[in-house]
Amino acid sequence: MTSPPRARHPANKRMHGGRGRLACVMAASLLAAAFAVPARADFKVKQPDAEPGEVELETVGSYGQSGRAEHDNEQSFVHEIEYGFNNFWRSGLEFETGRAPGPGNHLKLDQITWENWLVFGERGQYWLDPALFVEYGHTTIAQTPDEITFGPLLRKEVGPTINTVNLFLTKEVGQFAGTGRMSFSYAWETRIATGGIIEPGVQAYGAPGPIGHFAPISEQDHRIGPQVFGVIHELGPGTLKFNGGFLFGLTPSTSRHTLRWQAEYEIHF
């Protein structure tokens, strides 16, 4: 989903030797996991980029286990198609399937979402790279509300690190909306730009709850863990980008271990 790095972070256009084979194996493994296990949409750090004429096909997913029945078997599985209309506006349609943790729950298509990125400036033009993200999620489950989510996407490069944060507010809308309070959530990523096909990093996600009425810390959802990032250029007509890793729950209400992945195929027209 991200725009190509600036020249100071060199990218290998062609694979060769052992590193190329390793990248192919890792990409294949992530894609296989994505289609074998359902996923969860919010385990994805959105980047403040819009590339004119670029089509992206993406899958994002997760699988959480905790050893406690009430928090086990959390799953989700998301497919998305996106298009960059210009260097200011990118839009996408997302299909979200999920399974809530706990016994007796089942995998369901629970939301169809229209996503939009409004990007303010070229990468590196300002002190940090800013964008505004806005999405409308239409529920597919009876007697549940639709949702509007919005907030800034901010990226800052410091030395070899690329640091991105998403700060979101979500409000329920429609006939079955709740109290009207907006809920806060965040996503954070730090990636070390080594210039190789595979790069290390870390991600963190959290959902404290409604603004002004955060849940007790023991009931909030916070996770953090190591990730790997990779890219394969000139794979057919486009570029394959992938990342994945483990997240460790930081509170009793969070799945103890979460496997997450993301794979996207970018084609320019």
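The values are calculated or read from the model by the stated rules, or taken from the named source; none is laboratory data. The structure presented is a predicted model; accordingly, all values stated were derived computationally and were not measured. Cβ coordinates were reconstructed from backbone atoms using ideal geometry, including for glycine residues, and neighbour counts include every protein chain displayed. Side chains included, ligands, DNA and RNA excluded: accessible areas come from the protein's heavy atoms. Shrake-Rupley method; radii C 1.70, N 1.55, O 1.52, S 1.80 Å.
For the pair V202/I267, report the inter-label distance in nm, with labels modelled 7 Å from Cα in the Cβ direction.
In this crude spin-label approximation the distance works out to 3.9 nm.
In the range 189-269, carbon and sulfur make up what percent of the accessible area (probe 1.4 Å)? Could you put the intermediate results ahead of the total?
Numbers: 2300 of 3340 Å².
Ligands and nucleic acids excluded, carbon and sulfur reach 69 percent.
Please give the solvent-accessible surface of E234 in Å², to the nearest 10, using a probe radius of 1.4 Å with every protein chain present.
Roll a 1.4 Å probe over it and E234 shows about 110 Å².
Quick check: convex hull of the Cα atoms in the range 161-256, volume per residue, rounded to a whole Å³?
On the way: hull volume 13.5 nm³, N = 96.
Dividing the Cα hull volume of the range 161-256 by its residues yields 141 Å³.
Over the range 52-161, give the accessible area per residue in Å² for a 1.4 Å probe, as an integer.
Working: 5150 Å² over 110 residues.
Normalised by residue count, the accessible surface of the range 52-161 is 47 Å².
Pull out the extension gain between V134 and H213, defined as 0.36 nm times the separation in residues minus the alpha carbon to alpha carbon distance; nm, one decimal. Mind dumping the intermediate values first?
Working: separation 79, 0.36 × 79 = 28.44 nm, distance 2.31 nm.
Taking 0.36 nm per residue and subtracting the Cα distance, the gain is 26.1 nm.
To make sure I understand the rule: partners must be lysines, Cα under 16 Å from the Cα of K156, and not fewer than 8 residues away in the same chain. Which ones qualify?
Cross-link targets: K46.
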